[in-house]
Amino acid sequence: MRTLTEDQVEIGSVLPELSIDLTPTVVVSTALATMDFTPVHHDVEGARAQGSKDIFLNILTTMGLVERYVTDWTGPEAVIRRINVKLGVPAYAGDRLSFNGTIVAHDGAEFTAEVRGKVSLGDHATGTVTFTLPQ
């Protein structure tokens, strides 16, 4: 896989959409992979008992998917410098999480992408990812 270089990215560049089906297996396996054993991420009845309609993604999974979204576009040699994400509505099993993004800043060697991850209820994650690219 090829990595973008600094001269291939400019303010206003649009990242391609990424959609991920949030099957129960995805929700449960990613929670377990991050060692998050909180019942709302793997036990439907436990989640409902706490007022949730179903199991939902944990924050570590959301952060990993935000990073993946940007690095799928930039390529493997990009270096993530900062991620600043605000969580919104839950991303429930059975929904689809769709990311879109735009490059909004370029300061020295760093680029910043504004990223939004949406589910059927609205924005699940919004924020910025700052990264560097090889020259």
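A compact table of results
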read-out: Listed residues I59, I11, I103, most fluctuating in the chain (Gaussian network, C-alpha, under 10 Å); value: I11
read-out: Value of [θ]222 nm, deg cm²/dmol, for the chain, DSSP H segments ≥ 4, -39500 (n - 2.57) each, nearest 500; value: -7000 deg cm²/dmol
read-out: Of the trypsin sites (Lys or Arg not before Pro) in the stretch 1-53, those whose Cβ has at most 16 other Cβ within 10 Å and which sit in DSSP loop; value: R2, K53
read-out: Angle in degrees between helix 24-33 and the longest Cα principal axis of the chain, rounded to the nearest 10; value: 70
read-out: 0 to 90° range, to nearest 10: angle between helix 59-74 axis and the chain longest Cα axis; value: 30
read-out: Environment charge at I20 (Cβ cut-off 12 Å; Lys +1, Arg +1, Asp -1, Glu -1); value: -1
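Where a number appears in this text, it was derived from the coordinates with a stated rule and is not lab data. Nothing here was measured: the structure is a model prediction, and the numbers come from that model. In this analysis, Cβ positions are derived from the backbone assuming ideal geometry, glycine residues included, and neighbour counts consider all displayed protein chains.
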